[in-house]
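Input: a single structure, listed below in structure tokens.
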Amino acid sequence: MSYSVLIVEDEPVLARNMLLYLERHGIACQLAASGEEGLALLEAARPDAVVLDHNLPGQDGLSVLRRMREREPQLPVVMATGHGSEQVAVEAMKAGAFDYLIKPVSLHQLKQVLDRSVQQQRQAQELRHLRAGGGIGHVPAAQGLAALLGTSPAMRQLQGRLRQLVDAEERLSEGHTPAVLIGGETGTGKELVARALHFEGPRRAGPFVEINCASLPSQLVESELFGHERGAFTDARERRIGLVEAAHGGTLFLDEVGELELATQAKLLRLLEDHQVRRLGSVREQKVDVRVLAATNRPLEAMVAAGQFRSDLFYRLGMLRIELPPLREREGDVAVLAAAFLARSARRYGKPEMRFSDEALQALSRHRWPGNVRELGNLVEQCVILASDTVIEADDLPLPVMPDGALGDPAALGTEPWPTSLPDTERRLLVNALERNRWNVTQAARALGISRDTLRYRIDKFGLR
Ligand SMILES: Nc1ncnc2c1ncn2[C@@H]1O[C@H](COP(=O)(O)OP(=O)(O)OP(=O)(O)O)[C@@H](O)[C@H]1O
Ligand SMILES: [Mg+2]
């Protein structure tokens, strides 16, 4: 991806350092040593993104940021702030910065943030173009509603529902945007839906911050989410703002929300009820404006009944609900998705003429897809890589002989008597699925109909291995 960047930085060594690094990666750079110079260059240089130092001579970075936002509201600005000035970072995010970096700036990270900012900005532009009636091109926008392929009645209904949600949100004149809980089996597109809601909605210019609740132990989840004051716990050498605060003005996406521990659930509830957060080790509450989206492939109702999930949080998260149907219940979508994935992979691997035979398409439609759309996408990609011919036949498809998951299959539990407690049963199922898949976590997760992260979390929880 090629683009241009304006670097507003008064420290000449750092400025040159950034310039050399970015130019070596094919990014065109312009330097400005003050805010005034930066503003002047904005018109002349027409950059795709800006790196803006906070501590500048004359006008400080925040006021330069505000003036840039007034003149070029779509232009992503990445703020660089000094050590220990997290408050500035929060202010910068409030003022519409795309992101912030704490000095000393890691050049690799700088490039990553810039890449992301330009990519998002281009996608947003594409969406605005689509909405303005530009029509849908052959490459669907990666993050909007257009990314959700499928023509089955179930998908059409879902697309309509999402459109309604976005429209309602656009019209919302006061109060907080209600949370949306996105349910559905693994690989059905929950994350895609979350992105679509953010990038099509009125918060699209704000940050989209996602956190996977399954991948972190509870202590870390809390400091990740809420930030911490210096000395809040042994490793907390510096004050840090949390992801919730970083999502201010945008969306916080809580993925795998069913894995949250009860203590963290209580803190989240406060965010949803009062729209406030408190950093670990702080006495002060902080107001935040975030839209919460949550996703899970777990039956939250049942978890509420079993006392594993707070009912009040469940109610708050699920003010609005979106349920993604499993792929096997979307009539005709396998063919549509297979064709789209084939076109994409064929382009990527430089094999443009590829197609499925009728028998292959029929075999794909008969499969039960326990890993849903993700499984289909992976399978198609594998076919394209391995194909020696332009036509993919039924025999070429790497479909398993036993496609159904181990869950619901009593034989999966072996011949021993059923364990009596739920944890024991679960443990047995997990071990069984792992053994049957030679401890391949991805395959075992698919057989169990859960995500890889969820399985990893449960492997740790039960101390398996
Ligand atoms: N309707 C769709 N059209 C096109 N691609 C889709 C669709 N649904 C899902 N995908 C693709 O399938 C893959 C899995 O989707 P996603 O990550 O959103 O699933 P998920 O429901 O979050 O799964 P998990 O519960 O395992 O996290 C992604 O690569 C996504 O782009
Ligand atoms: Mg997901």
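Against the conditions (1) away from ligand 1 (no atom under 16 Å from the Cβ); (2) within 19 Å of Asp453 (Cα to Cα); (3) among the hydroxyl-bearing types (Ser, Thr, Tyr), where does Ser223 fall short? Just the number, please.
(2)
What's the total number of residues in segment 240-261 that are polar (S, T, N, Q) and either more than 16 Å from ligand 1 (Cβ to nearest atom) or outside the structural domain of Ser311 (by TED's automatic domain parsing) (or both)?
Here the count works out to 0.
Return the total of residues in segment 341-382 being of a type in the set (Ser, Thr, Tyr) and either closer than 16 Å to Gly189 by Cβ or in contact with a Gly (Cβ under 9 Å, 6 or more places away or on another chain) (or both).
2
Kindly check whether there is at least one residue in segment 230-242 that is among the acidic types (Asp, Glu) and at pLDDT below 85. Lay out the reasoning, then the answer.
First, the residues of segment 230-242 that are among the acidic types (Asp, Glu): 235, 238.
The next check asks that each one be at pLDDT below 85; those that pass are 235, 238.
Yes, some residue in segment 230-242 is among the acidic types (Asp, Glu) and at pLDDT below 85.
Return the pair list, or none, for Cβ contacts closer than 9 Å from residues in segment 312-334 that are within 26 Å of Ala263 (Cβ to Cβ) to residues that are loosely packed, with under 14 Cβ neighbours inside 10 Å and of a type outside the set (A, V, I, L, M), at least 6 apart or on different chains.
Within 9 Å, the pairs are Asp312/Glu273; Phe314/Glu301; Arg316/Glu273.
When you look at Gly371, is it touching a residue at least 60 places away in the same chain (Cβ under 8 Å), exposed (fewer than 15 other Cβ atoms within 10 Å of the Cβ) and in contact with a Ser or Thr (Cβ under 7 Å, 6 or more places away or on another chain), yes or no?
When the stated conditions are applied, Gly371 does not pass them.
Considering each of Ala302, Ala295, Ala214 in turn, give the residue that is in a helix (DSSP H, G or I) and either farther than 26 Å from Pro202 by Cβ or within 16 Å of ligand 1 (Cβ to nearest atom) (or both).
On the way: Ala295 fails: in a helix (DSSP H, G or I); Ala214 fails: in a helix (DSSP H, G or I).
On inspection, the qualifying residue turns out to be Ala302.
Looking only at residues that are modelled with pLDDT under 95 and either more than 14 Å from ligand 1 (Cβ to nearest atom) or closer than 23 Å to Leu448 by Cβ (or both) in segment 193-207, which one is surrounded by the most Cβ atoms within 10 Å (Cβ to Cβ)?
Glu200
Considering each residue of segment 346-373, count those that are part of a helix (DSSP H, G or I), of a type in the set (Lys, Arg) and within 14 Å of Ala335 (Cα to Cα), and give that number.
Number satisfying all stated conditions: 1.
For segment 290-316, give me each residue that is of a type in the set (S, T, N, Q) and away from ligand 2 (no atom under 16 Å from the Cβ). Spell out the reasoning first.
Residues of segment 290-316 that are of a type in the set (S, T, N, Q), as a first pass: 296-297, 308, 311.
Within segment 290-316, Gln308, Ser311 meet the criteria.
What are the residues in segment 153-192 that are within 15 Å of ligand 1 (Cβ to nearest atom), assigned to a helix (DSSP H, G or I) and more than 16 Å from Thr251 (Cβ to Cβ), if any?
Answer for segment 153-192, where residues must be within 15 Å of ligand 1 (Cβ to nearest atom), assigned to a helix (DSSP H, G or I) and more than 16 Å from Thr251 (Cβ to Cβ): Pro153, Ala154, Met155, Arg156, Gln157, Leu158, Gln159, Gly160, Arg161, Arg163.
Could you grab me the full set of residues in segment 441-452 that are modelled with pLDDT of 85 or more and under 21 Å from the mean Cα position of the chain (by Cα)?
Across segment 441-452, the qualifying residues are Thr442, Ala445, Arg446, Arg452.
Yes/no matrix, rows are residues, columns are (1) at pLDDT 90 or above; (2) within 27 Å of Leu342 (Cα to Cα):
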| residue | (1), (2) |
| --- | --- |
| Ala97 | yes, no |
| Ser106 | no, no |
| Leu114 | yes, no |
| Gln143 | no, yes |
| Gln157 | yes, yes |
| Gly160 | yes, yes |
| Asp167 | yes, no |
| Arg171 | yes, no |
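What are the residues in segment 430-455 that are hydrophobic (A, V, I, L, M, F, W, C), part of a helix (DSSP H, G or I) and surrounded by 19 or more Cβ atoms within 10 Å (Cβ to Cβ), if any? Spell out the reasoning first.
Going through segment 430-455, the residues hydrophobic (A, V, I, L, M, F, W, C) turn out to be 430-431, 433-434, 439, 441, 444-445, 447-448, 450, 455.
Imposing the further condition that a residue be part of a helix (DSSP H, G or I) reduces the set to 430-431, 433-434, 441, 444-445, 447-448, 455.
Hits for segment 430-455 are Leu430, Ala433, Leu434, Ala444, Ala445, Ala447, Leu448, Leu455.
For residues in segment 193-203 being assigned to a helix (DSSP H, G or I) and of a type outside the set (Val, Ile, Thr), which is nearest to ligand 2 (Cβ to nearest atom)?
Ala194
What are the pairs with Cβ atoms under 8 angstrom where one residue, in segment 166-180, is polar (S, T, N, Q) and the other, located anywhere, is assigned to a loop (DSSP other than H, G, I, E, B)? Sequence gap at least six, or different chains.
Filtered contacts from segment 166-180: Thr177/Arg203.
Which numbered condition in (1) in contact with an Asp or Glu (Cβ under 8 Å, 6 or more places away or on another chain); (2) closer than 20 Å to Asp10 by Cβ is the only one that Ser117 fails?
Failing condition for Ser117: (2).
Scan Gly184, Gly150, Gly144 and give me the residue that is within 19 Å of the chain's Cα centre (by Cα) and under 18 Å from Val334 (Cβ atoms).
Just a single option satisfies the conditions, and that option is Gly184.
Would a scan of segment 357-364 turn up a residue that is modelled with pLDDT of 90 or more and within 16 Å of ligand 1 (Cβ to nearest atom)?
Taking every residue of segment 357-364 in turn, at least one turns out to be modelled with pLDDT of 90 or more and within 16 Å of ligand 1 (Cβ to nearest atom).
So for segment 452-460 (the condition being more than 16 Å from ligand 1 (Cβ to nearest atom) and within 15 Å of Asn212 (Cβ to Cβ)), does at least one residue qualify?
Yes, that holds for at least one residue.
The values are calculated or read from the model by the stated rules, or taken from the named source; none is laboratory data. From a predicted model like this one, the values you see are computed outputs, not experimental measurements. Cβ coordinates were reconstructed from backbone atoms using ideal geometry, including for glycine residues, and neighbour counts include every protein chain displayed.
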